[in-house]
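Input: a single structure, listed below in structure tokens.
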Amino acid sequence: MPLPKSFLARMQALLGPEYPAFLEACSQPPFRGVRVNPLKCSAGLLRQSLPFAIEPAPFAPTSFYAQWDKGFGSLPAHHAGMFYAQEPSAASAVTALDPQPGHRVLDLCAAPGGKSTQIAGLLQGRGLLWANEVVRSRAGALLSNLERLGVANSVASSCHPQTLCQGLAGYFDRVLVDAPCSGEGMFRRDPRAVEEWSPEHAASCAIRQRAILDSAALAVKAGGALVYSTCTFSPEENEETAAWFLKNHPDFTAEALPVPLGRPAHDGGPWRRIYPMDGGEGHFVARFRRGDGGPCRAGTFGGELRGSLAEAGRELYRSLFSGDCPERLAQVKDSLLLLPEGLPDLRGLGVLRAGAELCQVRKGRLEPSHGVFMCQQGQACREPLELSPESPELEAFLRGEELECGGKGYRAVCVNGVTTGFGKASGGRLKNRYPKGLRNK
């Protein structure tokens, strides 16, 4: 699809002598990539589990270029949550955020979950990830990806940024605003982004981005960091919005990124740009540090489940997995959830799920859920059924079929030692419990 003339004229003015290189890059196929999930596997194990080659990308230690022209979703390693399919430069925002194990981190515009799951991998199961998506229809993909990649220390919500950040003011060590934008960095991958683009759309995006940043600033604790990113090239959404933020939030200062990604911005600020000729589709990243801040306004979580049902949930957990049993559980309708440590008060914040679903309560019995298996290492599961990525048995399992299987009771199904799902063994067969909506055709 031809690019808009007004867009090309602005890019020529912006890039000067590099404009021909930009046009040449735009004529090439888009970059494809995967990001290894350290909660599930190493880069070496991922390589062994994929039918294509991967090469390191410069935007994150876990990010790779993928030599693959087919879909990723049907691959066993994808079902197992070993990787997230992500254009490589999209990983730059979380590299700039630099979350550390034990941090409380807010991803304010989180769907479909690429950056949230990247944050979760860096937290290594410690601290808390809060992933918010204001558009409720997009939050389903976020929930699914958090579950597939085995993220247990998370809260997913669908809440207006102002409401959420006021309720959790001063609570987070790190806040990421990967803002909705005019999507000029998506032009090579998505013809709809070209169709929807106009100078007026870019200007309206800048207004919305500034409102989101106003809200996000509230949630950052004193001494914490805020990262703002877009996947567009327009200065009004990038450098001009970063400068606006500093002018309107004098308690924040601009910081250089921990890693000098891409190239310097066009206004001399410490933020960075990535163009297609830099090895990525297109990103802008800015990082800010908060100085003095007000007190944390988040309340204390008070919805912990106690009594016989909680103990029954723990007993179920111990029957399925080795290792320590989580102590904190909650009940939401017919679900029992394993809760992360250090939860704030969740009331009024549009929470969709906290932690991982342990089981469903059905007619007085507890039936384990897919989510609790996905956040367990294969070696932690009792009597796992190990299958290779190329095995017809694994293909059959991912289609929802029963397998031959000895033993009795619930058993994890693993690929190269990584949990992919589970079933219930009885009478020499494994009854498939892989969720219907996730199965291969």
Per residue of the range 66-71, in order, report the coupling 6.51 cos²θ - 1.76 cosθ + 1.60 (Karplus, θ = phi - 60°) as ³J(HN,Hα) in whole Hz, putting x for Gly and Pro. 10, 8, 7, 10, 10, x
Taking just the alpha-carbon atoms of the range 200-261, what radius of gyration and Dmax come out, in angstrom? 12.0, 36
Calculate, for Glu240 and Cys325, the FRET efficiency according to 1/(1 + (r/R0)^6) with r their C-beta to C-beta distance and R0 60 Å; round to the nearest 0.05. 0.70
Surface accessible to a 1.4 Å probe, Met1 within the full protein complex, Å²: 130 Å²
Angstrom value of the Kirkwood radius, inverse mean 1/r, which spans all Cα pairs in the range 1-141: 17.0 Å
Can you give me the solvent accessible area of Leu8 with a 1.4 Å probe, rounded to the nearest 10 Å²? 40 Å²
The range 348-435: Rg/Rh from Cα coordinates, Kirkwood Rh? 1.02
Interchain or sequence-distant (5+) residues whose placed amide H lies within less than 5 Å of the amide H of Ala110 are Asn132, Glu133, Val134
Over the chain, the quotient of the Cα radius of gyration and 2.2 N^0.38 Å is 1.02
Gain upon complete extension [Ser308, Ala9; 0.36 nm per residue less C-alpha separation]: 100.8 nm
Principal axes of the range 284-381: Cα extent on each, largest first, Å: 50, 30, 24
Hey, if we sort Arg136, Arg287 by accessible area with the 1.4 Å probe, largest down, what's the order? Arg136, Arg287
The percentage of Cα-Cα pairs in the range 57-112 separated by more than 20 Å is 37 percent
Rounded to whole Hz, the Karplus (6.51, -1.76, 1.60) HN-Hα couplings of the range 382-399, x for glycine and proline: 7, 6, x, 9, 8, 10, 8, x, 9, 6, x, 5, 5, 4, 5, 4, 6, 8
Report, please, the projected area of the range 1-75 averaged over directions, based on the convex hull of its C-alpha atoms, in nm². 7.1 nm²
Residues meeting the amide H criterion for Arg429 (H placed from the backbone, H to H distance under 5 Å, 5 or more places apart or on another chain) are Cys405
Under the rule of -39500 (n - 2.57) per DSSP H run of 4 or more residues, summed and divided by the residues of the chain, what mean residue ellipticity at 222 nm is obtained, to the nearest 500 deg cm²/dmol? -8000 deg cm²/dmol
Amide H to amide H under 5 Å from Val418: which residues, 5+ apart in sequence or cross-chain, H placed 1.01 Å off N in plane? none
Could you sort His266, His78 by accessible area so the largest value comes first, with the probe set to 1.4 Å? His266, His78
Value in Å of the Kirkwood radius, where the range 118-257 supplies the Cα pairs that are averaged: 16.3 Å
Can you work out the Karplus-derived ³J(HN,Hα) for every residue in the range 31-47? Use 6.51 cos²θ - 1.76 cosθ + 1.60 with θ = phi - 60°, whole Hz, and x for glycine or proline. 5, 10, x, 9, 10, 5, 9, x, 6, 10, 7, 8, 4, x, 5, 4, 4
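The values are calculated or read from the model by the stated rules, or taken from the named source; none is laboratory data. Just so it is clear, the structure is predicted and the values come from calculations on it, not from any experiment. For neighbour counting, all protein chains shown are included, and Cβ atoms are generated from backbone atoms with ideal geometry for every residue, glycine included. Only protein heavy atoms, including side chains, enter the accessible area calculation; ligands, DNA and RNA are left aside. Shrake-Rupley method; radii C 1.70, N 1.55, O 1.52, S 1.80 Å.
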